Amino acid sequence: MEGSVLKEALNISDLLGEHGAQFQISTKYNEHGEEFFMEDDYGSADEDEDAHRKIMSPWDRSFDELRAQMFMVSEFVFKRITKQGVGDELVPDRARVTIDYNAYFEGETYSFDSTSMRGEYKTFTVGKSEVLQGLEEAVLSMKPSEEAQFVIGYQVLFGEIGCRPRIKPKADALFIVKLVSYTDPGDAEALDNLTQEEKTSYAVVKEKVNDTRTHAKDYFKRNMVTNAINDYHKAVNYLEACHVKDEVEQKEQTETLISLYTSLAVCYNKKDNPRRACSMINEIRRLGNIDRLSRALFHEGRALMNLGDYERAKNSLLKAQRLESTNKDIVKELKILNERWEKHRQEERTICARAFGLKERKDKRQTEEQIKFTDMMKRNLEAFVEDEKSKQLTLPEGLNSDEMNTVQDLADEFNLKLNLYKENSKDFYRLEKKKVGGTDEK
C-alpha cells in the first residue's frame, strides 16, 4: 500500500486523548520534489545491504565441517586462504601489524567483534599481548595483503569459562582476516643489553644500531618524534664510542653517522626546532662533504628558512636542487622560501616606512614645542626687562641644548647677559640686565 502525506504533523497526545485528533491528507506531496527519496550522505539502501552482508557469517554449518576444509597452523588454529598475499615473507616477531577482521561464534549469524563495524583497522604489536593469543597466531601465518579464514579454538581465545552472557563457555570462533600491512619496529633495548666488551666492537654495535634505527623510524611514522629523537641519539652515542679496526669499518661508521644525523635534522625540523636541526647538519659537515648530500642540504635549507636566514637557506636548497633537479619537494620548498622572503622584505619596508613617519611626527612635535618655549621665554623676558626693580632672572633647571640656544638668542635680542653660576655643587643659569654704555647693572 502506498503511503500518504499529511498536511500537518499529528500530535500523539491529541491522538490518544479523549477527543481524538483530526488530520487532512495532502494531495501535493510531489511539490517537495524528488530529493526526499534520493540517496543521502549516509549511503544508499544497496550500500547498507552490502555492509550488512559483509558482517554476516559466511559459514552456516558446524566448525568441524569447516576445519575439514582447512589446514592446521597450530594445535588450535586452522586456516583457509581466500586471497593470496604478496611476497614470501610472513609477519615477523615484534612486527607492528594492521588488520581488518570480522569474528563470529559458531552457529551465530552476526559478528561479535568487527573492525568493519567500528570503521577502523586494528593495529597491534606482536608479542605484546595486545590481542587474543589465537588471533596473533593466525596473523603470524599471513603475508601482506593476504585474506584468510581461521577457525580458532577456545583454548587460545576466551578459555573454558568464557564471559557470560556474551561469550559462552568453550566458545570457538571464526575469524575472517585481511592483513593490511606490517612494519618491523625494531628492538628498543638492543643497545642497552650489550656488555661492556660488546659496546667497543663495531661489528656488534652496528647490528644493534640497525635495530634501534628501525625502532626510531617506527616512532617517527607514528608521529612520536621525541621518542624517535631519543633513539637516534642513542644510536649515535653507541656508534661513536665503539672502535673500528680498519678503513672499511671507518667508512661504514661515518656513512651511518651521517645518515643518523640527517634523520635527527629531519626530526628537529618536524619538532619546529631549527637551531637543533642546524646543529645536526654541522655534525654532518664535521664528518664529510655535505655538498654531495641532497637530503642534508634540503633540511639545512628548511631549518635556516625557519630561522629567518633566507639567503643561506636559498643557497642550501639550490645546492640540493643541483643534485636532484627533478625533486618536487625541493621545488616546493624553494617556492615557500621565496614567498616568505618576499613577505619579510615587505614587512621590513613597512617597518621602515612607519619608523620614518614616526620620526617626521616627532620632529614636527619638537618644532611645535620649541615654538611654544620660545614664545613663553619671550614673554618672560619682556616682563623682566620692563620691571625696573628686577635685575636678575634665574632660569629653571633641566633645559636642553636647543632650549639654551633659544635663551641665548633671546638674551642677545633683549640686550641681556647669560651667566653660569655654581651653588651647592650645582650649575644654574641666570640672565642679568646690562648697564647703559655696555656695563652690567648691579
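Tabulated data for the structure shown
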read-out: Residue in the range 249-258 that is under 21 Å from the mean Cα position of the chain (by Cα), within 20 Å of Lys208 (Cα to Cα) and not polar (S, T, N, Q) present; value: no
read-out: Count of the range 98-151 residues which are farther than 14 Å from Leu179 by Cα, open to solvent by 50 Å² or more (accessible area, probe 1.4 Å) and of a type in the set (D, E, K, R); value: 5
read-out: Filtered residue count, the range 263-272, keeping only those that are buried (at least 21 other Cβ atoms within 10 Å of the Cβ) and either outside any helix (DSSP H, G or I) or of a type in the set (D, E, K, R) (or both); value: 0
read-out: Filtered residues of the range 68-97 (kept if of a type in the set (A, V, I, L, M, F, W, C) and surrounded by 13 or more Cβ atoms within 10 Å (Cβ to Cβ)); value: Met70, Val73, Phe76, Val77, Phe78, Ile81, Leu90, Val91, Ala95, Val97
read-out: In the range 282-329, the residues that are in a loop (DSSP other than H, G, I, E, B) and surrounded by fewer than 18 Cβ atoms within 10 Å (Cβ to Cβ); value: Gly288, Asn289, Leu307, Gly308, Asp309, Glu324, Ser325, Thr326, Asn327
read-out: Meets criteria (within 30 Å of Tyr110 (Cβ to Cβ), aromatic (Phe, Trp, Tyr) and in contact (Cβ under 8 Å) with a residue 60 or more places away in the chain) for Phe150; value: yes
read-out: Check on Leu260, part of a loop (DSSP other than H, G, I, E, B) and hydrophobic (A, V, I, L, M, F, W, C); value: no
read-out: Residue list for the range 74-98, restricted to those being modelled with pLDDT under 95 and among the hydrophobic types (A, V, I, L, M, F, W, C); value: Val86, Leu90, Val91, Ala95, Val97
read-out: Number of the exception - Phe36 against (1) modelled with pLDDT of 90 or more; (2) open to solvent by 50 Å² or more (accessible area, probe 1.4 Å); value: (1)
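Residue by residue, here is whether (1) open to solvent by less than 90 Å² (accessible area, probe 1.4 Å); (2) within 18 Å of Leu399 (Cα to Cα); (3) modelled with pLDDT under 85; (4) in contact with a Phe, Trp or Tyr (Cβ under 8 Å, 6 or more places away or on another chain) holds:
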residue: Thr350; (1), (2), (3), (4): yes, no, yes, no
residue: Phe356; (1), (2), (3), (4): no, no, yes, no
residue: Lys359; (1), (2), (3), (4): no, no, yes, no
residue: Lys364; (1), (2), (3), (4): no, no, yes, no
residue: Thr367; (1), (2), (3), (4): yes, yes, yes, no
residue: Gln370; (1), (2), (3), (4): yes, yes, yes, no
residue: Met377; (1), (2), (3), (4): yes, yes, no, no
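The values are calculated or read from the model by the stated rules, or taken from the named source; none is laboratory data. Just so you know, these numbers come straight off a predicted model, no measurement behind them. Cβ: placed from backbone, ideal geometry, glycine included. Neighbour counts: every protein chain shown. Accessible surface is based on the protein model in full, side chains and every heavy atom, while ligands, DNA and RNA are left aside. Shrake-Rupley method; radii C 1.70, N 1.55, O 1.52, S 1.80 Å.
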